[in-house]
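Read the structure below first, then the notes.
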Amino acid sequence: MKFKNIKNNNNVFSRSFAIDRQKKAKLKKQKPFVIWITGISGSGKSTIANLLEIKLFEMGFHTSLLDGDIIRSGLSSDLAFDDNSRKENIRRVGEVVKILIDADLIVIVALISPFRESRNKIRNFFGEDQFIEIYLNASYESCEKRDKKGLYKKAKNGLIDNFTGLCSCYEEPLNPEIILDTENKEPLECLDVIMEYLKKKVISFEMY
């Protein structure tokens with residue numbers, strides 16, 4: 001195993017992997033990639049992410065799912081919700097995703113991730129066709145109506161600071177691979193769109 005010193009830090013080293021990634025991918029019979037689902041609170045991110053993971057699992061694929069509740073209850077439990085904290089949260093998630101991709105998993109991320117710059121930085125970690133950005137397009141009003149967690153009500157009553165869409169901005173993706181109208185489409189309809197994209201554009205879903 002080879003080690004290389006990381007610039008500006010004499011005590012931290014990157015390493016090359018002892019096992020070729022292609023060999024690991026062949027063992028799992030899949031190619032790793034990232035599905036990054038973004039949208040405001042209540043747009044359906046976790047619902048669609050869960051349906052997608054179940055579908056891929058049923059097809060025999062190895063996956064990992066990261067959503068806001070998972071990340072904020074552990075890895076980023078020390079962070080607030082101001083802009084800088086949100087950017088740091090996404091940076092941390094990006095580092096975790098890189099590790100999971102190195103393990104040859106299909107990684108599903110469901111986060112508001114409101115800033116284009118942060119999302120694009122994650123995209124740049126990966127190769128062509130390895131990062132799929134899915135934007136769930138739904139109006140603030142429709143998301144507020146179906147808010148099961150009561151977050152919109154709390155935000156309007158001043159109980160939540162920096163709530164995205166109310167007092168903190170959300171920057172829509174400019175060129176996402178997939179746009180889903182979750183205001184008018186049911187979750188299973190959205191799942192069908194995603195699966196069609198994956199089959200045509202990313203991988204053939206044929207085993208090695």
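The values are calculated or read from the model by the stated rules, or taken from the named source; none is laboratory data. As the structure is a computational prediction, the values presented were derived from the model and not from experiment. Note: ideal-geometry Cβ built from the backbone for every residue, glycine included; neighbour counts use all protein chains shown. For the accessible areas, the whole protein counts, side chains as well, though only heavy atoms, and no ligand, DNA or RNA atoms are used. Shrake-Rupley method; radii C 1.70, N 1.55, O 1.52, S 1.80 Å.
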For the range 115-131, how many residues are open to solvent by less than 70 Å² (accessible area, probe 1.4 Å) and of a type in the set (D, E, K, R)?
-> 2
Keeping to the range 158-175, report how many residues are assigned to a loop (DSSP other than H, G, I, E, B), open to solvent by less than 90 Å² (accessible area, probe 1.4 Å), in contact (Cβ under 8 Å) with a residue 60 or more places away in the chain and out of contact with any Leu (no Cβ under 9 Å at 6 or more places or on another chain).
-> 4
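Any idea which of A138, A155 is out of contact with any strand residue (DSSP E or B) (no Cβ under 8 Å at 6 or more places or on another chain) and either among the basic types (K, R) or outside any loop (DSSP other than H, G, I, E, B) (or both)? Full working, then the answer.
Working: A138 fails: either among the basic types (K, R) or outside any loop (DSSP other than H, G, I, E, B) (or both).
Exactly one of A138, A155 is out of contact with any strand residue (DSSP E or B) (no Cβ under 8 Å at 6 or more places or on another chain) and either among the basic types (K, R) or outside any loop (DSSP other than H, G, I, E, B) (or both), namely A155.
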Do any residues in the range 109-121 that are more than 19 Å from P32 (Cβ to Cβ) have Cβ atoms under 6 Å from those of residues that are in a strand (DSSP E or B), where the two are at least six apart or on different chains, and which pairs are they?
-> I112/T164; S113/T38; P114/T164
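Please find, among K121, K185, the residue that is charged (D, E, K, R) and over 19 Å from I90 (Cα atoms). Don't jump to the end; show me each part of the working.
Details: K121 fails: over 19 Å from I90 (Cα atoms).
Going through K121, K185 in turn, just one is charged (D, E, K, R) and over 19 Å from I90 (Cα atoms): K185.
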Tally time: how many residues in the range 80-98 are within 16 Å of D67 (Cα to Cα), of a type in the set (A, V, I, L, M, F, W, C) and open to solvent by 40 Å² or more (accessible area, probe 1.4 Å)?
-> 2
Quick one: would you say Y197 is crowded, with 17+ Cβ neighbours inside 10 Å and on the phi < 0 side of the Ramachandran plot?
-> no
If you scan the range 132-149, which residues turn out to be open to solvent by less than 40 Å² (accessible area, probe 1.4 Å) and at pLDDT below 85?
-> D147
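Filter the range 157-205 for residues that are over 30 Å from K55 (Cα atoms) and touching a helix residue (DSSP H, G or I) at 6+ places or on another chain (Cβ under 9 Å) and give the result.
Here is the first cut: in the range 157-205, the residues over 30 Å from K55 (Cα atoms) are 157-163, 165-169.
Hits for the range 157-205 are L159, I160, D161, N162, F163, G165, L166, C167, S168, C169.
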Given (1) of a type outside the set (S, T, Y); (2) in contact with a Leu (Cβ under 8 Å, 6 or more places away or on another chain); (3) surrounded by fewer than 16 Cβ atoms within 10 Å (Cβ to Cβ), V109 misses just (3)
